[in-house]
Amino acid sequence: MSGGSGRGGAGRGAGDFDNSERRSGSRLTPKTPRPPEPRIAEGVTGKELDRDVRTQLRTLSIENADGVAQHLVMVALLLAEDDVASALAHAETAVRRAGRVPAAREALGMVAYRQGDFARALTEFRTVRRLSGSSHLLPLMVDCERGLGRRERALDLAASPEAKELNEEERIELAIVISGIRRDLGQTDAALVALQIPALRRKKLGQAGARLAYAYADTLVSVGDLSSARDWFARAAQADVELTTDAAERLEELDGVAVTDLLEDDEGDKGDLAADPDGAAADDR
């Protein structure tokens, strides 16, 4: 009998399978080249990171840990400069090199959040929570749900047991987000109540408290209580040493103070004097 199914046969039987392509496919198929890594700015060593983040990187090789650390520092620097596109390149590089390091996923989530890509940001923040067991990003997760138009889901998440694990600064951020959601829903009274947390009653507000006082003042404006709003804008302006809000400007608006460009006025006066050396207006002559 002549058989095509033998190993030396030229043909193949109907039930025979040629696995040669399957076996060698991974070697024959060209791999997608990795994009070049973005440049690290001169002087950035990676040692600028907090100790907690450096501890997370200990699961990596020393060389990889140092490289990822540098990219994470670059993300922070570029976000501070509002160069979100460049920050994204560094964040994505950090995730490619250290996908199971919470700090890398958090950096990518922060960049996506700044871009308004709330779906991607939410995915990354959830991954951080799963990897680290920490709920410190809960306020941002709630705000992502809000950004996606899922306000009821956002409120449910804000009321989850994890919210009780937040520190005071995180609770302040969560209160501000919840208040914003209530205002979106037209529930201004509930928006005010959401901000009335213990941190609002502190004599020394601190920087996070300045944001809380500002949100409270802004909500008071929305309900027409301008007198109380003025007092809270004043408190916010006093506590906002880092000038992260425009509380001082809002206070001036409520006081009816018009900010004028003095330099422009001076130039205007000089122009009048140039036209009339004696400084007298034509109507006065």
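The values are calculated or read from the model by the stated rules, or taken from the named source; none is laboratory data. Note that the coordinates shown come from a computational prediction; the quantities given were computed from them, not determined experimentally. Cβ sites come from the backbone with ideal geometry, for glycine too, and all protein chains shown count toward neighbours.
Restricting attention to the stretch 211-229, the residues that are closer than 14 Å to Leu195 by Cα and charged (D, E, K, R) total 2.
Screening Asp240 with (1) within 21 Å of the chain's Cα centre (by Cα); (2) modelled with pLDDT of 95 or more gives one miss only, at (2).
Please determine, by comparing only the residues of the stretch 208-227 that are among the charged types (D, E, K, R) and not in a loop (DSSP other than H, G, I, E, B), which one is farthest from Glu169 (Cα to Cα).
Step one: filter the stretch 208-227 for residues among the charged types (D, E, K, R), giving 211, 218, 225.
Cutting the leftovers down to not in a loop (DSSP other than H, G, I, E, B) gives us 211, 218.
Numbers: Arg211: 10, Asp218: 19 Å.
The qualifying residue farthest from Glu169 (Cα to Cα) is Asp218.
For the stretch 122-165, the candidate set comprises residues that are more than 18 Å from the chain's Cα centre (by Cα) and outside any helix (DSSP H, G or I); within that set, the residue that is farthest from Asp184 (Cα to Cα) is Gly133.
Taking the condition of being closer than 17 Å to Pro35 by Cα and either loosely packed, with under 14 Cβ neighbours inside 10 Å or basic (Lys, Arg) (or both), how many residues in the stretch 65-100 meet it?
Just the residues of the stretch 65-100 that are closer than 17 Å to Pro35 by Cα, to begin with: 67-68, 71, 85-99.
In the following step, the residues that additionally are either loosely packed, with under 14 Cβ neighbours inside 10 Å or basic (Lys, Arg) (or both) were identified as 85, 96-97, 99.
Going through the stretch 65-100 one residue at a time, the tally reaches 4.
Looking across Ala281, Ala234, Ala215, Ala208, one residue alone is at negative phi and modelled with pLDDT under 90. It is Ala281. Put simply, of Glu162, Glu170 the only residue that is at pLDDT 95 or above and within 18 Å of Cys144 (Cβ to Cβ) is Glu170.
Report yes if Glu152 is surrounded by fewer than 16 Cβ atoms within 10 Å (Cβ to Cβ) and modelled with pLDDT of 95 or more, otherwise no. Can you show your working first?
Working: surrounded by fewer than 16 Cβ atoms within 10 Å (Cβ to Cβ): yes; modelled with pLDDT of 95 or more: yes.
So Glu152 passes the test.
Residue count for the stretch 16-62 satisfying the condition of being β-branched (Val, Ile, Thr) and modelled with pLDDT under 85: 2. Selection of the stretch 177-203 for residues being in contact (Cβ under 8 Å) with a residue 24 or more places away in the chain and assigned to a loop (DSSP other than H, G, I, E, B) yields Leu185, Ile197. The set of residues from the stretch 238-257 being more than 19 Å from Val221 (Cα to Cα) and aliphatic (A, V, I, L, M) comprises Ala239, Val241, Leu243. Does the stretch 111-119 contain at least one residue that is part of a helix (DSSP H, G or I), more than 17 Å from the chain's Cα centre (by Cα) and either among the basic types (Lys, Arg) or at pLDDT below 95 (or both)? Within the stretch 111-119, none of the residues are part of a helix (DSSP H, G or I), more than 17 Å from the chain's Cα centre (by Cα) and either among the basic types (Lys, Arg) or at pLDDT below 95 (or both).
Quick one: would you say Ala190 is under 24 Å from the mean Cα position of the chain (by Cα), of a type in the set (Gly, Ala, Ser) and modelled with pLDDT of 95 or more? Write out each step before concluding.
Working: under 24 Å from the mean Cα position of the chain (by Cα): no; of a type in the set (Gly, Ala, Ser): yes; modelled with pLDDT of 95 or more: yes.
For Ala190, the condition - under 24 Å from the mean Cα position of the chain (by Cα), of a type in the set (Gly, Ala, Ser) and modelled with pLDDT of 95 or more - is not met.
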